[in-house]
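Engineer: For reference, the structure I am asking about is given below.
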Ligand SMILES: *Cc1c(COP(=O)(O)O)cnc(C)c1O
C-alpha cells in the first residue's frame, strides 16, 4: 500500500482521506503563497479568514443548511456540548433525553446539573443493542428540548428514524455520523458533532443551531465562552479558534463536495457496511451485537463470545495491518469503525482476514 499505511479502524481520532493528507503535506511549509504554514498564521489575517469562510460555506453547501441556522466552530469537543446544551437551551429548566448508550448517558448525567432531566426512553435493558420505539413519547409541555445521540459510537446503534417530539426542539449529537449521509437540518434545533470521528483532527465541534435558540441572556455565571451567542456574534472567533481543525475540516468538506456529496457518501457507506454485516450474519465464529434495524453504518461492534478469542483476533489483525479493532473498554469484544474515509477495499480486506481466521481457528 502507498506510504506503508495500514487500514485503521479507530473510532476516533480516525482515518482521514489520503488526498486531503497529501494536500496538507504539500501546503505545510507555504500555504498558497502566504509564506507560512496555516498553524503559524494569525486567525485575524485575511488569508485565514478566507479559509474559515470557505469551510463554513462548503459545509452549508454539503448539508444544504438553511439561512436561519448558524454554523459554529467551538473547542472543547463533544463533551463540552453535554454542558453547553442545557446551559443555553434550558429556559424552563426541563429537558427530555433518550438513553441509547454510553454517550447519551454521559450527556444525561451532565444535564442533570442544570435542570430536570426526563429520560423518556431507554435501551439499557438489553445492553443498548437497539433504539427504543420513540413514535409516541410522552413529552411534558414545559420541555425545552428533546435530546438524542444519533449514532452511539461505542454500542454501534443508529436511529433508523428520528423520534416524535410533538413540536419540541430536537437536539442531536451526530459526532460519529456527521456527514455520513444526507441530513434534513430543519428537522433539528441543534446538531453538533466532534469532528475527530468522521471529519478531521481532534479538538473541535461543529454546532449547527437555529437562530431563535440563541439566547441573549443566560445565567450571568455562565462563562462567556460557553454561550452560543458569543460564538455566533463573533463568527466563531471570539477567541483564538482551533485554526488547524478549521483548515483541515475545510479540506475534507471540499473533498466530499468533489466526490459526490452526502448522497454519494451514503451509497458508499451503505455498501461498505453491508459487506461487513453480511459476513457477520453468515459467520459461525463472529456475531454482530446490534438489532438489525438499529445497526450503525459507521461503528460495527461484534464478538466471538469468548474474551480470550476476541483478544487473539485483535492481535492477529493488528499484525496483518488491520489496527484498532478492540471494542471500547466498557463493552469489550471487537469494533470496526468504518467512517467516510475508510475505503471499501479496506472493509473487504478485513472481511477476508476474518474469514481466514475463522477457517483456521474455527
Ligand atoms: C467521541 C464522542 C463524544 C466525545 O467527544 P470528545 O470530542 O472526545 O469530547 C461524544 N459523543 C459521541 C457520539 C462521540 O462519538
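Computed from the coordinates by the stated procedures, all read-outs in this text should not be read as laboratory data. The model shown is predicted, which means the values in this text are computed figures rather than measured ones. No Cβ is skipped: glycine too gets one built from the backbone with ideal geometry, and neighbour counts run over all protein chains shown.
Engineer: Among DSSP bridges having both ends in the chain, what percentage is antiparallel? Round to the nearest 5.
Structural biologist: In the chain, approximately 55 percent of DSSP beta bridges are antiparallel ones.
Engineer: Let me ask something additional. If I take every Cα pair under 8 Å that is 6 or more residues apart in the chain, average their sequence separation and divide by the length, what percent do I get for the relative contact order?
Structural biologist: Relative contact order for the chain comes out at 23 percent.
Engineer: Along the Cα→Cβ direction, 7 angstrom out, place labels at residue 359 and residue 237. What is the inter-label distance in nm?
Structural biologist: Label-label distance for residue 359 and residue 237, simple model: 5.8 nm.
Engineer: Rounded, prolate or oblate: which fits the stretch 10-72 when a ≥ b ≥ c are the square roots of the eigenvalues of the alpha-carbon gyration tensor, with rounded for a/c under 1.5 and prolate only if a/b beats b/c?
Structural biologist: Oblate.
Engineer: With the chain treated as a Gaussian network of Cα nodes joined by springs under 10 Å, which of 198, 269, 234 yields the largest mean-square fluctuation?
Structural biologist: Per the Cα network of the chain with a 10 Å cutoff, 234 tops the list.
Engineer: For 113, 251, what's the fewest-to-most ordering of other Cβ within 10 Å of each Cβ?
Structural biologist: 113, 251
Engineer: If you stretched the chain out fully between residue 119 and residue 164, how much longer would it get, using 0.36 nm times the residue separation minus the C-alpha to C-alpha distance?
Structural biologist: Extra length available between residue 119 and residue 164 comes to 14.8 nm.
Engineer: Tell me, how many Å apart are the Cα centres for the stretch 65-103 and for the stretch 210-257?
Structural biologist: Spelled out, the Cα-based centre of one part sits 12 Å from the other.
Engineer: Under 10 Å, Cα contacts only: if you run a Gaussian network model on the chain, which one of 60, 268, 44 comes out with the highest mean-square fluctuation?
Structural biologist: In this elastic network of the chain, the residue with the biggest mean-square fluctuation among 60, 268, 44 is 44.
Engineer: What is the distance in Å between the Cα centroid of the stretch 114-151 and that of the stretch 155-189?
Structural biologist: Using only Cα atoms to place each centre, the spacing works out to 13 Å.
Engineer: Hey, another quick one. When 72, 224, 262 are ordered from fewest to most other Cβ atoms inside 10 Å of their Cβ, what list results?
Structural biologist: Ordered by Cβ neighbours within 10 Å, fewest first: 224, 262, 72.
Engineer: Any idea how far apart residue 292 and residue 141 come out in nm if each label point goes 7 Å out from Cα toward Cβ?
Structural biologist: 4.3
Engineer: Between residue 282 and residue 225, with labels modelled 7 Å along Cα→Cβ, what's the label distance in nm to one decimal, could you check?
Structural biologist: Simple spin-label model gives 5.2 nm for this pair.
Engineer: Where a ≥ b ≥ c are the square roots of the eigenvalues of the C-alpha gyration tensor, would you call the stretch 115-246 rounded, which needs a/c under 1.5, or, failing that, prolate if a/b is larger than b/c, or oblate?
Structural biologist: It is oblate, given that a/c is not under 1.5 and a/b is not larger than b/c.
Engineer: A further question on this structure: So what's the gap between the Cα centers of the stretch 1-28 and the stretch 335-362, to the nearest angstrom?
Structural biologist: The stretch 1-28 and the stretch 335-362 have Cα centres spaced 19 Å from each other.
Engineer: Arrange 105, 221, 112, 197 by Cβ neighbour counts within 10 Å, fewest through most, would you?
Structural biologist: Ascending Cβ contact count within 10 Å gives the list 221, 112, 105, 197.
Engineer: Between residue 311 and residue 64, what length comes free when the chain is fully extended (0.36 nm per residue of separation minus the Cα-Cα distance, one decimal in nm)?
Structural biologist: 84.6 nm
Engineer: When a/c reaches 1.5 or more, the comparison of a/b and b/c decides; with that in mind, is the chain rounded, prolate or oblate per its Cα gyration tensor?
Structural biologist: Since a/c reaches 1.5 but b/c is at least a/b, the shape of the chain is classed as oblate.
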